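Only the coordinates and a few stated rules stand behind these numbers; no lab work does. Being a predicted model, the structure only gives us computed values, none of them experimental.
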Amino acid sequence: MFFRRKPKLKNDLETKESAKTSVENNVSQTYVKEDAEVTDFNGYTKSEKSPKQSPDGENESFDIGGEKGEIKDSEESETSDADLNDDDEKPNTPPPIYETAKLFGVSEEKLTGEFNAYKAGKLFRRVNLLAIDVRMSVELLNGLIKNAIDLGLESVTVLPSKIIEAKKFAGDKIKVRVALFYPFGAETLKFKQKAISNAVKRKVSAIELPLEISDLAQKKPQLIVKEWKKLKRKAGKVPLILTVDFDLLTIEEITLVTDIVKRAGIEKVKTSTCVLNCGSNDFQTGGNLPCLETVKYEVATLRPTSSDILSMFRWGAETVSSPNVIDALMGVKKLLGCD
């Protein structure tokens, strides 16, 4: 009987040492660092990233000092300068607007103009025209409403005495609001409730009602909230907008007003421009009041410029209201090149 001789095995310790040396050599060739500054506890600068392992076990590419490196599985571990330069060269891709214009068979200029007109239309639908001058004639009101319709404004606010004429001119092309007790306010709760009932019967789109500033000093917040809840119930489904002049209030009082609006379920607070930092001399209080981030608010201003209108929306106003908004919006159309 013959026995096959077993092959000789290498010493286990030598095998482990050889494998360890091979791995260290491969890993050491991976990290290409040229004058890199070590600043963090991992030994890399902010621009360096440690290699990641993919799910299938292969090593992924990574960045070192702004250049691409790669962990090699075999002896091919060095990256040439030519390979690095090839990655930096990217084909010139046309801008998306070029492809879109080509798709629709129009020029880039025409497509840009149509897009700007679309954006202007969306912006104008968040603007309200104030037509609350007690001396305003019916003819002037008619002309203002016509201009507002042409620009695509959301609504126009009128006094109770002008509701019938305004709704006749507006038709179904623009909403008609009413401003009650402008500009002096009302003293009794029953008087306010009666005026709200009359406005609801005339089918206005929203009711603007002022908050008496004296109430903030003379009444407890709980009582004010209770009264406004009653007014809201009287308005029913018609949105109720609380109007107040923030120019006359402290930051603490403004916070109290927004809390009343939230607790009473009022749809919106309408205020002056003092709370916005729009870059104009009229807007110096500074914007981004934390309390205004929790409610919807409308900014009312007397003579806004085109830049003021855009700034008010940029600072978070849901809607903008002004008696002189027509000229400002025409300026916005001119800025966008869609006049």
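If each residue of separation counts as 0.36 nm, what is the full-extension length gain between D215 and S107 once their alpha-carbon separation is subtracted? Display every interim value, and only then the final one.
On the way: separation 108, 0.36 × 108 = 38.88 nm, distance 5.96 nm.
Net length gain for the segment: 32.9 nm.
Please work out how much length the chain gains when fully extended from F313 to K237, using 0.36 nm per residue of separation minus the C-alpha to C-alpha distance, in nm with one decimal.
Numbers: separation 76, 0.36 × 76 = 27.36 nm, distance 2.65 nm.
This chain segment gains 24.7 nm when fully extended.
Would you mind classifying segment 220-272 by shape? Square roots of the alpha carbon gyration tensor eigenvalues, ordered a ≥ b ≥ c; an a/c under 1.5 is rounded, otherwise it is prolate if a/b is larger than b/c and oblate if not.
Cα axes put segment 220-272 in the oblate bin.
In segment 125-336, how does Rg compare with the Kirkwood Rh, expressed as the Rg/Rh ratio over alpha carbon atoms?
Radius of gyration relative to Kirkwood radius: 0.95.
Given the alpha-carbon gyration tensor of segment 134-202, what are the semi-axes of its equivalent ellipsoid in whole angstrom, ordered largest first, with each equal to the square root of 5 times an eigenvalue?
24, 13, 10
Output the direction-averaged projected area (hull surface divided by four) of the convex hull of the alpha-carbon atoms of segment 167-254, in nm².
So the Cα hull casts an average projection of 6.6 nm².
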